[in-house]
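Visitor: Would you mind keeping the following structure in view while I ask a few things?
No value in this document is a laboratory result; all are computed from the given coordinates. Bear in mind that the values here come from a model prediction, so they are computed numbers and not experimental data. Cβ: placed from backbone, ideal geometry, glycine included. Neighbour counts: every protein chain shown.
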Amino acid sequence: MKILSKVSIFTFCTLAYLTGCSTDEGDDFISGSNTSVDGPQETKVNVVSGCEEITDDADKATIEQIKTNLTDVFSSFGEGDLNKTQELSSATKSSIEAILKKYPGNCEAQLAYAAAIISDVVNNKKINNFLDTLAARQGKTKYDLFTKDIDDAAELTFNYTINSSDDIRNILVSDVQSAIGSAIPSLDSAISFMTNIANDDEFTCTYFINDRDIELDRGDFAPVLAAMYVAKASLTALVSINLNIDENGKYDWIDSLEELEYRFNYYSNHGIEHLLKFIGKDSKFTSIHNSWKTEYKNIPNLLDSAITYVQFGLQYGLEEAENGMETQENDLYIVGDGEEAHLSTADAQKIIDSLTTIRKQLHEGFDIEYAKGKTIKINVSKLFENTDGIQKFLPYHVVNDKSEWVNPDGGFYWSEDFEYQAYAQRYMQGHVGETYHKFKPSARDIMVYSHDEDVSTGYVYLEVYDPYEKSKIRYNVDGCKISFTFVFFDASIPNLADTIPLEKAPWNIPDLTIPNGMCKEDKGTIKYAVAFYENEVPNFGYFTDKDGKKTETIQGLLNGKMVDTEIEKYKFEDLRNIIIFPDVTFGGIFPNMTEDIFWNEFVKSIIDDDFDEYYEDEEDWDDDEYDY
Amino acid sequence: MNAIFKSLCAIGLTSFLATSLAYGEVSTKGLAQCGGLFLLDTDSKDLSGTFCHVNDSVSAGKYTVFAGLSNYRIDGLWNDGWTLSLNSNRTIGSAGIQAYFRYISLSVKASSQPSLASNITAHTRDSSFYASATFERGNPELATISWESENDSDEVHFIEARWETEYLRKGFAIGARIAGNDVDAHLEQIRTAPQNVHREYYIKDSSRVWFWDSRIAHRFERSRLELYYAGLYANANIFGNTYRDNSIKRFMYIPLEANLHYGDIRWEHQLFGLQARGLKADIRMEKNNKRFFETFAPNRLLPASLTQTLSFSFLQRNYRVDADLDLSAITLGGHFSPQFDITRHTKITPRIDIHGYYTYDDVSVDKASETTSFIGFKSENESWSWMLESYGIIAGLGVSVERATQGILRNLSLFATATQLIPLKTDFIERGKSEKQESSAPETPEQTSPDENKNAGLESGKIFRNGFGAHLGFSIQF
């Protein structure tokens, strides 16, 4: 009973299938310029309308052979036999072209041509290379996209985006988009042929499938045409959106981001710096490529067409049903109220009516439930009106330059002691970890922690779990300078009783100078910046109001504020005054959204109690550390 | 249904009282019995049946009034990632009247099934020759079949289908008693007409069943020799349908054809008996390649939706199944039942049954999974077969106690039996292979992976080991 997922798979396959179409062969009936992600290709298709008859017996025989071949093409496609499909398809396509030249108005040939275009899986080289490379990485000879389910497809995309390795470094998202974009003109031409066919209510075409004749008519052409429109809408969306996450053609920054897992040091991480650029004011990420804006805005109309053609096909089925089985005996599906029919007339009408509602909702919006018993109106068509990306909907904020990250801003106090929550403590741990990483770059899962012995000395512990290794390093703080001495290093036994300094350090830790923002001299006394709750996050940036006035820093938000002599946490109610969204309707996508609904209903129901728990967790964490 | 049953009980009781009052001199006979067959009880498969029956009859002169109450329950369960269960739990009340005249007897019986049966028998005055005709019509609910998927979020998670039928039974029997010989023969035909039930899922059938049997028995001075033969031919077309908004759609079609032959020779003595039995049966399901006669068409089972509608164009999947079941079994053995008088009027009769059995059964199933997507078609065939060969012993133990009429105490009898299968050797072989083919492709790529698994899980062995039968009864005669 997994028909839904199967249909989803089919939809995906259709999409994947269509992405494979190519115009490289230089069709006589389709002309256009080269496509790139920067611009859609204009397609001119010479479709002769109406349905011209084939008079010559030899040509009739040829078209029958073509139909048999096409059935084989579609069958082998259904089997997932890509190579065979390619072979059959390209051979068949050239014979259809010959017939179409002779009888440009013949609907059977037009249908065959449209079908051949759909089934033309002479894949784009870039996509093929891309898939092959991905497959090779996972030890497979070929990615079988056609039988993949949605989960696998998502995994594939995820792997590509997040986990890209050296093998595919030369393939950029924009390259993939260009490749997909090149399939659209083929699809356009198939749509043109199929539109002509579907608009002729007299035209039927008989295929021999499963030992019997199947008669295709408008009832079948129209849903296929609808599927083509959905495919075009999906491809257009995929191609239009700027998803360029590379940095000068490279994805090294993702590696850097991954390193956070075992180097845990934000201060030296380039990945974070690049990631923050995506939400910067000048970022083009998620905006619509200029040349694709018109096509992108046209997506709701494509979906309208898809809905209309499904209705068109069903309406035809209903009309046929009035005459019983007379004209639909061999149809792919039969509309009727008898036992020997697929779809009842009442259900067909019901689907037609519900599609009318869906079309209306597509443009005027509909209610969705965001929490139990609570709904909000969503207008999907507005999604396609915004071509500027997500940045303009993000809360007002400023991202600090990397040089500012070491200067704590908000949520801390100055202390003469080198306390555990001092930013410099974390900075020092990062320094030890970084140094170790240079000594042994292959090491993963490094954990560094420290505790103080007195106001200026203490120990840093460095543990590596696989293979197990532990170091105990004594630190000595002298003003804003820290020096290190090894007291223990063992690759197997975690015995920390030994406190006698090692004669020779296994790896050298250079002295560290604490940045001025974390350590300063105040009237002859050295003071350290100590976070109220947590010292992990650097000074990435701050939120502002619409006039650019700072409302609170990220560090301040995480640590709370000092009221008189008490540290006070931020409450959920405070958030709306700190994080200010320029437009809570998000460009009209949620037309009825107000500030109150957004914060009190929407955000609250999403984050629920997490916000308060965050502080509680922090407190527990602190207690644990102090007990240590 | 309930009202009919109550009415019948009332009729039965009234008849009973009326007869007693009118004739004064009456005799009654009551019988209560229960039985059960518990074939299998494992985590994934379960099959059991029980029945209880109570009846009472009152005879006065030419008339006998009888009434009965039966309960039967059949439970089947098959769990394989989904759960398929069959339940039939029915309590049926019945009542009737028989009238004996010099050359003719009549009887009418009605039950809460509901059903109505009538019988007319013409016989000689001493009943040495008789011929009878039976006519019965009924409209029973046969079973409730339900299917439940493992995953709650499946598009169709639960299906419950009720199976009702309307039958017409016609029977003819002749018999004679000549010089210590009893001879009778009997022929019966049952036809069912499909019933459309206004439920979302339902099952209906159109069946034709022929049943015939004959018996020749000779009474010796202290024993009896009997030869019996029974045969059955059944042809059934079972349909699974949906009913929504006055529209009926078929999603299942199971055509079955069955043949059964059974023979029995027994020599019964008061103290012991010898018996040989033989059974040969085959049940066939032949796939029908016509449209709408697929064994299973899941697309048409789905509730109406855009997904379902589009699936007809892009992804239609149908299954057609051929199945063949051959059963043969013989048993040879006997029973020993000495009789002891424990008081002057009370007899106890223990009974030991020992029969050797041999059975050879063969099941083969071919399944074709067809997928039509626009102008593409692919078919995948899978075949399985199972063979079971077994011999062993069927052992039974029973006891009956009977008290003869004495004074105001009437004839009373009690009986109980239990039966167990004891397989001595069981061979179970399972084979499976699959092949893919495209209808229009000239060459058929075949992937055959025969998988032979002897004594695989001994599924059938489990049935035997776990299965037993029991029968308990009680009767009283006034």
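Visitor: Can you work out D for the range A:338-446 in µm² s⁻¹ from Stokes-Einstein, where Rh is the Kirkwood radius over C-alpha pairs, the temperature is 37 °C and the viscosity is 0.692 mPa s?
Guide: Numbers: Rh = 21.7 Å.
Diffusion coefficient, whole number: 151 µm²/s.
Visitor: Next up: Taking the number of other C-beta atoms within 10 Å as the exposure measure, put B:137, A:474, B:300, B:250 in order starting with the fewest. Mind showing how you got there, number by number?
Guide: On the way: B:137 14, A:474 17, B:300 25, B:250 20.
Ascending number of Cβ neighbours within 10 Å: B:137, A:474, B:250, B:300.
Visitor: What list of ³J(HN,Hα) couplings, whole Hz, do you get for the range B:259-272 from phi and the Karplus terms 6.51, -1.76, 1.60, once you set θ to phi - 60° and write x for glycine and proline?
Guide: 10, 9, 10, 9, x, 8, 10, 9, 10, 10, 10, 4, 8, 8
Visitor: Return the calculated 222 nm mean residue ellipticity for chain B, to the nearest 500 deg cm²/dmol, obtained by summing -39500 (n - 2.57) across DSSP H runs with n ≥ 4 and dividing by the residue count.
Guide: Values: 3 runs with 39 residues, N = 478.
Computed ellipticity for chain B at 222 nm equals -2500 deg cm²/dmol.
Visitor: Between the helical axis of B:2-23 and the dominant principal axis of chain B, each derived from Cα atoms, what acute angle in degrees is found, rounded to the nearest 10?
Guide: Helix B:2-23 and the main axis of chain B meet at about 10 degrees.
Visitor: Let me ask another. Mind jotting down a quarter of the surface of the convex hull over the alpha carbons of the range B:84-217, in square nanometres, one decimal?
Guide: Values: hull surface 43.0 nm².
About 10.7 nm², averaged over all directions.
Visitor: While we're on this one: Over the range B:252-337, what lengths in whole Å, largest first, do the semi-axes of the equivalent ellipsoid take, defined as the square roots of 5 times the eigenvalues of the alpha-carbon gyration tensor?
Guide: Values: eigenvalues 517, 33, 12 Å².
Ellipsoid half-lengths, sorted descending, are 51, 13, 8 Å.
Visitor: Have a look at the range A:310-393 and give its Rg and Dmax from the Cα atoms, expressed in angstrom.
Guide: Expressed in Å, the Cα Rg and Dmax of the range A:310-393 come to 19.3, 59.
Visitor: Short version: ³J(HN,Hα) in whole Hz for each residue of the range B:51-60, in order, from phi by Karplus 6.51 cos²θ - 1.76 cosθ + 1.60 (θ = phi - 60°), x for Gly and Pro, what are they?
Guide: These are the phi-based 3J(HN,Hα) values: 8, 9, 9, 10, 9, 8, 9, 10, 10, 8 Hz.
Visitor: Work out the length of the dipole vector of the range B:126-272 about its Cα centre, built from +1 on the beta-carbon of each Lys and Arg and -1 on the beta-carbon of each Asp and Glu, and round it to the nearest 20 debye. Working shown, then result.
Guide: Values: 17 positive and 23 negative charges, 151 e Å.
Charge dipole, the range B:126-272, about its Cα centre: 720 debye, nearest 20.
Visitor: Using θ = phi - 60° and the Karplus form 6.51 cos²θ - 1.76 cosθ + 1.60, what ³J(HN,Hα) does each residue of the range B:73-87 get, whole Hz, x for Gly and Pro?
Guide: Whole-Hz 3J(HN,Hα) from phi for the range B:73-87: 9, 10, 10, x, 9, 9, 10, 8, x, 9, 10, 10, 10, 10, 10.
Visitor: Compute, for the range A:172-255, the length of the dipole vector about the Cα centre, with Cβ point charges of +1 (Lys, Arg) and -1 (Asp, Glu) only. Units Debye, rounded to 20.
Guide: 160 debye
Visitor: When you look at the Cβ of every residue in B:311-321, what mean number of other chain Cβ atoms sits within 10 Å? Mind showing how you got there, number by number?
Guide: Working: counts 7, 11, 14, 11, 8, 3, 2, 1, 0, 0, 0.
Mean partner-chain Cβ count within 10 Å for B:311-321: 5.
Visitor: Of A:286, B:426, B:124, A:525, how do they rank once you tally other Cβ atoms within 10 Å and put the fewest first? Don't jump to the answer; show the numbers that get you there.
Guide: On the way: A:286 16, B:426 19, B:124 12, A:525 9.
So the ranking, lowest neighbour count to highest, is A:525, B:124, A:286, B:426.
Visitor: Taking the number of other C-beta atoms within 10 Å as the exposure measure, put A:519, B:34, A:51 in order starting with the fewest.
Guide: B:34, A:51, A:519
Visitor: Go through B:393, B:117, B:240 and say which Cα lies farthest out towards the positive end of the charge dipole of chain B; charges sit on Cβ, +1 for Lys and Arg, -1 for Asp and Glu.
Guide: B:117
Visitor: While we're looking at this one, here's another question. In Å, the Kirkwood hydrodynamic radius of the range A:412-531 over pairs of distinct alpha carbons? If you can, show how the numbers build up before the last one.
Guide: Numbers: mean 1/r = 0.0675 Å⁻¹.
Every distinct Cα pair counted, the radius reaches 14.8 Å.
Visitor: What does the structure give for B:239-245 when I average, per residue, the other chain Cβ atoms found within 10 Å of the residue Cβ?
Guide: Working: counts 1, 0, 1, 2, 0, 3, 6.
What the average comes to for B:239-245 is 2.
Visitor: Quick check: net charge around residue B:53, other residues with Cβ under 13 Å of its Cβ, Lys/Arg +1 and Asp/Glu -1?
Guide: Numbers: positive: B:73, B:90; negative: B:56.
Neighbour charge sum, excluding residue B:53 itself: +1.
Visitor: Further question: What do you get for Rg/Rh of the range B:166-225 when both radii come from the Cα atoms and Rh is the Kirkwood radius?
Guide: Details: Rg = 19.4 Å, Rh = 14.6 Å.
Radius of gyration over Kirkwood radius for the range B:166-225 works out to 1.33.
Visitor: Check residue B:92: other-chain or 5+ apart residues with amide H under 5 Å from its amide H, H built from backbone geometry?
Guide: For residue B:92, the qualifying residues are B:70, B:71, B:72.
Visitor: Using every alpha carbon pair in chain B, what percent of pairs falls into each 20 Å bin from 0 up to the bin containing the largest distance?
Guide: In whole percents, the pair-distance histogram is 17, 50, 27, 6, 0.
Visitor: While we're looking at this one, here's another question. When the Cα centres of the range B:334-404 and the range B:48-96 are compared, how far apart do they sit, in Å?
Guide: So the two Cα centres are separated by 21 Å.
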